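Take a look at the structure below.
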Amino acid sequence: MPPMSLVGQVTKVGFMNKTATVTVSRFVFHPKTGKRLERSKKYLTHDAENSLRMKDTVLIRNCPPISARKRFTLEKVIKSPEREREALHA
């Protein structure tokens, strides 16, 4: 499979060690009505440092299988609302 990178939002973190669930959303147009529909898919992502937090916007990249369902690894954190809030209060 060629290298594929996706941008998504972290929806579940902390339940599995070194793993986070990232939801990637895309928009498609209905063939008859032309309305815009949101389609989303969840990916299990390898987070080696356990650094991700809820609602982080991240870039993930496919890699060789790490476990039975993990096929993506964390490339970088694009935006982290929780860390921005902590920086303002510090």
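The values are calculated or read from the model by the stated rules, or taken from the named source; none is laboratory data. If you're wondering where the values come from, they're calculated on a predicted model, not measured in any experiment. Note: ideal-geometry Cβ built from the backbone for every residue, glycine included; neighbour counts use all protein chains shown. Please note that ligands, DNA and RNA were not included when accessible areas were found on the heavy atoms of the full protein model with its side chains. Shrake-Rupley method; radii C 1.70, N 1.55, O 1.52, S 1.80 Å.
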- Message: At 222 nm, what value in deg cm²/dmol follows for the chain if DSSP H runs of at least 4 each add -39500 (n - 2.57) and the sum is divided by all its residues, to the nearest 500?
- Response: -3000 deg cm²/dmol
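Using a Förster distance of 35 Å, how high is the FRET efficiency between Glu75 and Thr33, based on the Cβ-Cβ distance and rounded to 0.05?
Result of the calculation: an efficiency of 0.45.
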- Solvent exposure of the chain as accessible area per residue, Å², 1.4 Å probe: 74 Å²
- Within a Gaussian network of the chain (alpha carbon springs, distance under 10 Å), most fluctuating of Phe15, Phe27, Phe72: Phe27
- Any chance you could check the Cα centroid distance between segment 20-35 and segment 41-69 for me, in angstrom? 21 Å
- Message: Using a Debye calculation, one point per C-alpha and no hydration shell, please list log10 I(q)/I(0) for the chain at q = 0.14, 0.15, 0.17, 0.18 Å⁻¹ in order.
- Response: -0.55, -0.62, -0.74, -0.80
- Item | Simple Cβ-charge dipole of segment 1-49, Lys/Arg +1 and Asp/Glu -1, about Cα centre, in debye nearest 20 | 400 debye
- Task: Given the options Glu75, Glu38, Glu49, state which has the largest fluctuation in a GNM of the chain using a 10 Å cut-off (strictly under) for Cα springs.
- Result: Glu38
- Query: Going 7 Å from the Cα of Ala68 in the Cα-to-Cβ direction, what parts of segment 1-42 have a backbone nitrogen less than 16 Å from that spot?
  - Reply: 16-17
- Determine the share of the chain's accessible area contributed by carbon and sulfur atoms, expressed in whole percent, with a 1.4 angstrom probe. 54 percent
- Query: Which residues in segment 52-83 place their backbone N less than 18 Å from a point set 7 Å from the Cα of His46 along the Cα-to-Cβ direction?
  - Reply: 52, 59-77
- Considering Cα pairs under 8 angstrom that are at least six residues apart, work out the relative contact order of the chain and quote it in whole percent. 27 percent
- Place +1 on the Cβ of every Lys and Arg and -1 on the Cβ of every Asp and Glu in the chain, take the dipole about the Cα centre, and give the residue among Leu52, Ala87, Val24 whose Cα lies farthest towards its positive end. Val24
